[in-house]
Every structure is written in structure tokens, then in C-alpha cells.
């Protein structure tokens with residue numbers, strides 16, 4: 001339907017009890033806004049807005065096109081709403097906190113706690129070298145606590161990538177922007193852009209969606225850890241299925257990460273989902289247990305001199 005670019009809500013717009021202060025992001029399925037509530041608390045608000053099905057050129061109300069577009073829009077809206085209700089039940093420090101959910105302007109809004117920090121993607125790109133192993137094990141070890149809770153609620157994330165892993169100011173990770181409602185939409189509406197992120201989406205997200213399961217999110221976790229090593233996305237899974245030219249982590253990361261961590265990354269990135277860890281618990285156990293001692297850095301010349309000077313005569 002939409003031949004004109006969808007417009008976000010205007011800055012200063014009063015959306016129920018929230019004032020829109022900034023547009024944080026826009027994509028094929030939603031807008032995300034920064035807003036303030038009546039007590040000046042800062043929140044993030046996600047608006048369901050699938051481009052291709054709905055249009056807003058001005059004002060606030062979302063307009064729908066053909067009857068088919070309207071039916072598909074409402075189906076996706078129902079999935080988005082159900083996902084929001086499920087997320088609202090999850091109170092875990094490593095999962096974005098949903099604090100309100102409501103309908104307005106012919107669509108649905110999800111209000112989330114606003115987190116201060118930076119995405120893992122920004123962190124990776126800010127480093128001149130691969131992210132160190134201690135950081136990778138700690139961040140993903142914590143993140144898996146939250147993902148376990150998501151899977152317990154019979155949800156899949158389906159869009160885990162460094163851009164959706166946020167590192168708070170205290171160093172703790174939080175998982176943002178669930179993609180499972182978008183998955184439902186693209187299954188029933190071919191005119192919409194694919195909802196997967198090349199490099200981080202598993203093969204079954206392209207081809208056999210009936211095979212989606214916890215192992216699908218685990219592939220994305222492995223791809224995110226791989227990107228910490230190479231500072232870019234791995235080769236897309238649909239290309240790997242045709243010809244797997246992805247350099248294994250055990251080869252690429254030799255001398256950078258321990259062989260144990262590299263083997264874990266490669267296991268998560270198996271093309272056959274049955275060869276990956278089948279649960280977050282099993283992956284987390286392998287990641288956090290029996291961690292080999294990391295190779296200590298050689299002492300600097302200054303420290304050597306201090307050591308000699310401090311030795312008793």
C-alpha cells in the first residue's frame with residue numbers, strides 16, 4: 001500500500017500519559033520513541049507500524065489500505081499485542097522491562113524501561129581489536145540467564161544480534177527488540193521485507209520455519225559471539241547452506257580466544273540445528289563451567305623494575 005514513507009509521531013505529541021521527545025529508530029515494522037511520563041521518567045515506546053500495510057503521512061492515526069492489508073495488519077497487531085503481554089510477565093534484569101501496553105491511533109504501543117549505555121555493536125566497533133574473552137564469557141553468560149526465562153515463557157526472540165544486546169553503564173547486558181511478532185507477519189504476507197538479520201539469523205529462519213526452536217536463538221548467540229571475534233557479521237546462513245565458506249572460530253580465533261570458547265562458538269553456528277546446543281541451559285553450562293585460566297599478559301618492563309626494587313636485599 002504505502003508508496004510514501006511513513007511518518008513518525010511528531011515531537012511533543014501527547015500519547016496517553018507520555019510526551020514524545022525523540023525518534024530513536026524506525027524500521028520495516030515499527031517506530032521506537034524516547035518519551036517522558038507525567039513524572040518526568042524517561043521511557044522507550046515501540047509503535048507497531050508495518051511498512052507496506054499501513055500508512056501515516058501526517059497526524060497520528062494509522063491508515064490501512066485494502067481489505068487484505070487490513071486483515072494482515074490486524075493479525076500482526078494481535079501477535080504484537082500477545083507478545084507484549086507475555087513480555088510484561090517477565091521481570092528479569094537481562095530482558096527489557098515492559099511497563100505498559102495500550103491501543104491508540106489504530107495501532108498498539110509497548111512502553112519499555114529506558115536503559116542507559118550502548119549496544120554491543122557499538123562497543124565492538126569502538127574496540128581496535130577483538131573483544132576480550134573475559135568480557136565475552138561474562139556478558140553472554142549473564143544474557144543467557146534472561147534468554148532462559150524467555151524460553152520458559154514459550155517465547156523465542158528471533159532477532160538476537162549485537163545491535164539488540166545493550167550494555168548498561170554498570171556493564172550488565174539486556175536483551176532488546178523481540179522479533180517473533182514480525183516473524184508471524186512475514187509468514188502470511190510476502191510483500192513485507194524479510195524480518196531476519198543476515199549473518200545472525202539461523203538457516204531455519206530462511207527455509208524451514210517449522211524447525212524454529214530454542215536452538216534458533218542459540219545460533220544467533222553464537223553469531224553474536226563470533227562477531228566479537230571478527231568485528232563484523234558472519235556469512236549469512238542462506239549462503240552457508242549453498243556453500244559454507246565461513247571460517248571456523250577455532251581457526252580464525254586461534255591465539256585470541258581459548259580453544260574451549262572457540263569450540264562453543266562453532267557448535268552454536270552449526271548449520272544443522274540438531275548439532276547445536278538444544279537448550280540455553282546446556283549452552284550456559286558449557287560457557288560458564290570449567291573455564292580454563294586465561295593466558296596472563298606478560299608483565300611490563302615498569303612492573304619488572306618495581307618488582308626488583310621492592311625485593312629485600
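Please treat every number below as a calculation from the coordinates, not as lab data. Predicted, not measured: the structure shown is a model, and the values here were computed from it. Cβ placement follows ideal geometry from the backbone for every residue including glycine, while neighbour counts extend to all protein chains displayed.
A few comments on the model shown:
- For region 99-168, fraction of C-alpha pairs farther apart than 21 Å, in %: 41 percent
- Computed label-point distance, nm, for sites residue 272 and residue 260 using a 7 Å Cα→Cβ extension: 2.7 nm
- Estimated 222 nm signal from helices in the chain, with DSSP H stretches of n ≥ 4 weighted -39500 (n - 2.57), rounded to 500: -11500 deg cm²/dmol
- For a label point 7 Å along the Cα-to-beta-carbon line of residue 42, residues of region 74-118 with backbone N under 15 Å: 112-118
- Between residue 100 and residue 134, the distance separating the two model label sites (each 7 Å from Cα on the Cα→Cβ line) works out to 4.2 nm.
- Cα principal axis extents for region 1-127, largest first, Å: 45, 32, 30
- Rg over Rh for the chain works out to 1.04, both radii taken from alpha-carbon positions and Rh defined as the Kirkwood radius.
- Spin-label model, residue 88/residue 75: points 7 Å from Cα along the beta carbon direction are separated by 2.5 nm.
- Rounded tilt (10° steps) of 133-152 against the dominant C-alpha axis of the chain: 40 degrees
- Cα convex hull of region 1-67, projected area averaged across orientations, nm²: 4.4 nm²
- Each 5 Å bin from zero up to the one holding the largest Cα-Cα distance in region 53-173 carries the following percent of pairs: 2, 9, 16, 18, 15, 13, 12, 8, 5, 2, 0.
- The distance from the alpha carbon centre of region 96-159 to that of region 49-64 is 27 Å, rounded to a whole number.
- Where the alpha-carbon atoms of region 117-288 are placed on the principal axes, they occupy 44, 37, 29 Å, in descending order.
- Acute angle (nearest 10 degrees) that the helix 259-268 long axis makes with the longest principal axis of the chain, alpha-carbon atoms: 20 degrees
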